[in-house]
1. Out of GLN101, GLN76, which single residue is under 17 Å from VAL18 (Cα atoms), out of contact with any strand residue (DSSP E or B) (no Cβ under 7 Å at 6 or more places or on another chain) and among the polar types (S, T, N, Q)?
2. Scan region 24-44 for residues that are touching a helix residue (DSSP H, G or I) at 6+ places or on another chain (Cβ under 8 Å) and over 17 Å from ALA110 (Cβ atoms) and report the count.
3. Which residues, taken from region 84-105, are within 21 Å of PHE141 (Cβ to Cβ) and not small (Gly, Ala, Ser)?
Amino acid sequence: MRLPCPRVQSVAVAGDKVGYCLFVGQRLTDWDTSRIAGLSPKTATRTMKRWLSNFRPDVVITVDLRSKSRKGERSQSITAAVARVARNQENLLDVSIERVQTFANKYDEADALSVEFPELELYLPKRRRLWDTESPRTIVFEAVALAKLLFADPAPAMARAMG
């Protein structure tokens, strides 16, 4: 008998956008962004509940708000709302991970992740010029990076999540 692969949903927030990715085992199966979820903690809560209903993950990953972060107050409050929704679900493990930036910038990180996950290549954001607004697609790559951090060393984060 083969055990089912865990479904892992990673959610990242930046500015006015929220991105998620869904892994079955360590295979990336879905990803997207939501500007509506980035409007407020209330809209983020509604969106997260819908995502949980649609995807039925076993684990939800968010950035650890206790760690040193450059996220603004709004992004932090939306991240807290998303984590709260996950924490209040039965049979769902809410995991917070410290975001470790190992690349010079988010575009270098997105390039590297698109090599590892070729399905993301068409989703790669164009490098922005100083006067351009940031592509909402960049947040998906942050969500994927969070999931990769969990996959690389799951024991500490999972132990913290289990209490």
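1. Result of the check over GLN101, GLN76: GLN76.
2. 10
3. Correct list: VAL95, ILE97, GLU98, ARG99, VAL100, GLN101, THR102, PHE103, ASN105.
Throughout, read-outs are computed from the coordinates displayed, never taken from laboratory work. No experiment lies behind these values; they were computed from the predicted model shown. Note that we place each Cβ from the backbone using ideal geometry, even for glycine, and neighbour counts take in every protein chain shown.
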